[in-house]
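Any read-out appearing in this document is the output of simple, stated calculations on the displayed coordinates, not a laboratory observation. Note that the structure is a prediction, hence the values are computed from the model and not measured. Here the Cβ is made from the backbone with ideal geometry for all residues, glycine too, and neighbour counts use every protein chain on show.
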Amino acid sequence: MTTKESSLTELESWDIIQRMIQEAKNEVRDDGFFYLLWGWLVLVASLGHYVLGYVLHYPHPYIVWLLMLVGVIGTVYQVNRRSRKERVKTYISRFMASFWFAIFIAIVITLIGGGFKIGFQAAYPILIALYGVATFTSGSLFRFKPLIIGGAACWILAVVAFFVSFPVQLLLMALTTLVSYLIPGYLLKASYRHERV
């Protein structure tokens with residue numbers, strides 16, 4: 001094989017890799033649906049818990065967290081719907097699906113083990129840190145700065161959360177979802193629409 005043929009093959013290979021990465025970005029990033037779904041649910045639940053418990057003094061303010069069931073149902077429905085449309089599953093999209101599932105399991109373990117064993121005041125900073133890991137990693141993989149910044153902001157908020165009361169942690173959780181899920185989610189949605197035009 002000549003050098004010219006070898007160079008052409010390398011260029012073609014590079015082009016295929018770039019197209020696969022772009023396709024995976026579109027698959028995983030899509031329209032920001034999951035960031036917006038979970039961002040709004042956690043924001044409403046955090047603020048709802050705060051208002052019910054510390055403004056209205058309702059005896060069971062945690063009841064508002066049942067909203068997370070809407071997130072689980074919405075996520076399962078959307079994942080199934082998108083899986084049926086998917087032609088090819090790339091390594092990147094498989095990695096991201098596994099990664100977010102692992103983050104979800106870590107959050108559940110933190111809530112069950114940490115929340116009920118050592119108290120939710122100790123568990124919430126860990127949850128905020130996990131949100132940071134998830135969004136920072138996703139943003140780094142796809143070079144999307146709002147997610148990277150949101151992830152880094154989560155880590156700062158997680159450190160602060162260790163030194164404040166539980167009611168303030170609820171407000172920090174709301175702020176966390178704003179900077180790491182909602183703002184990046186709306187920017188993803190705008191970017192997705194722009195790319196589709």
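If a/c stays under 1.5 just call it rounded; otherwise compare a/b with b/c (prolate if a/b is bigger, oblate if not). Do that for the stretch 89-197, with a ≥ b ≥ c from the square roots of the Cα gyration tensor eigenvalues. Walk me through the numbers on the way to the answer.
Values: a/c = 2.73, a/b = 1.60, b/c = 1.70.
Cα axes put the stretch 89-197 in the oblate bin.
When the chain is fully extended, how far beyond the present Cα-Cα distance does Val44 get from Gln78, taking 0.36 nm per residue of separation? All intermediate terms of the calculation are to be shown ahead of the outcome.
On the way: separation 34, 0.36 × 34 = 12.24 nm, distance 2.09 nm.
Computed gain between Val44 and Gln78 is 10.2 nm.
Could you work out how much longer the chain between Tyr54 and Val70 gets when fully extended? Use 0.36 nm per residue separation minus the Cα distance between them, nm to one decimal. Display every interim value, and only then the final one.
Details: separation 16, 0.36 × 16 = 5.76 nm, distance 2.45 nm.
Separation in residues times 0.36 nm, less the Cα-Cα distance, equals 3.3 nm.
In whole Hz and in residue order, list the ³J(HN,Hα) couplings for the stretch 102-118 that follow from phi through the Karplus curve 6.51 cos²θ - 1.76 cosθ + 1.60, θ = phi - 60°; x for Gly and Pro.
My calculation for the stretch 102-118 gives 5, 4, 4, 5, 4, 5, 4, 4, 4, 5, 6, x, x, x, 8, 8, 10 Hz in order.
Stretched out fully, how many nm does the piece from Phe166 to Glu12 gain, at 0.36 nm a residue minus the Cα gap?
Numbers: separation 154, 0.36 × 154 = 55.44 nm, distance 5.57 nm.
Contour length minus Cα-Cα distance gives 49.9 nm.
Along Cα→Cβ, 7 Å out, is where each label goes; now give me the distance between the ones at Arg143 and Phe99 in nm to one decimal.
Result: 1.5 nm between the two label points.
Sort out the exposed loop chymotrypsin sites (Phe, Trp or Tyr not before Pro) in the chain (DSSP loop, at most 14 other Cβ within 10 Å) and tell me the longest stretch that has none.
Numbers: sites that count: Phe162, Phe163.
In the chain, the maximal stretch lacking such sites is 1-161.
Residue-wise, which Karplus ³J(HN,Hα) couplings in Hz belong to the stretch 59-68, taking 6.51 cos²θ - 1.76 cosθ + 1.60, θ = phi - 60°, and x for glycine or proline?
x, 10, x, 5, 4, 5, 6, 4, 4, 4
Report the relative contact order of the chain, percent, no decimals, based on alpha-carbon pairs under 8 angstrom and at least 6 residues apart. Mind showing how you got there, number by number?
Details: 199 pairs, mean separation 59.5, N = 197.
Across the chain, relative contact order equals 30 percent.
What's the longest bit of the chain with no exposed trypsin sites (Lys or Arg not before Pro), using DSSP loop states and at most 14 other Cβ atoms within 10 Å as the test?
Values: sites that count: Arg87, Lys89, Arg143.
Free of exposed loop sites, the longest segment is 1-86.
Read phi for every residue in the stretch 31-43 and hand back ³J(HN,Hα) as whole Hz from Karplus 6.51 cos²θ - 1.76 cosθ + 1.60, θ = phi - 60°, with x for Gly and Pro.
9, x, 3, 5, 5, 5, 4, 6, x, 5, 5, 5, 4
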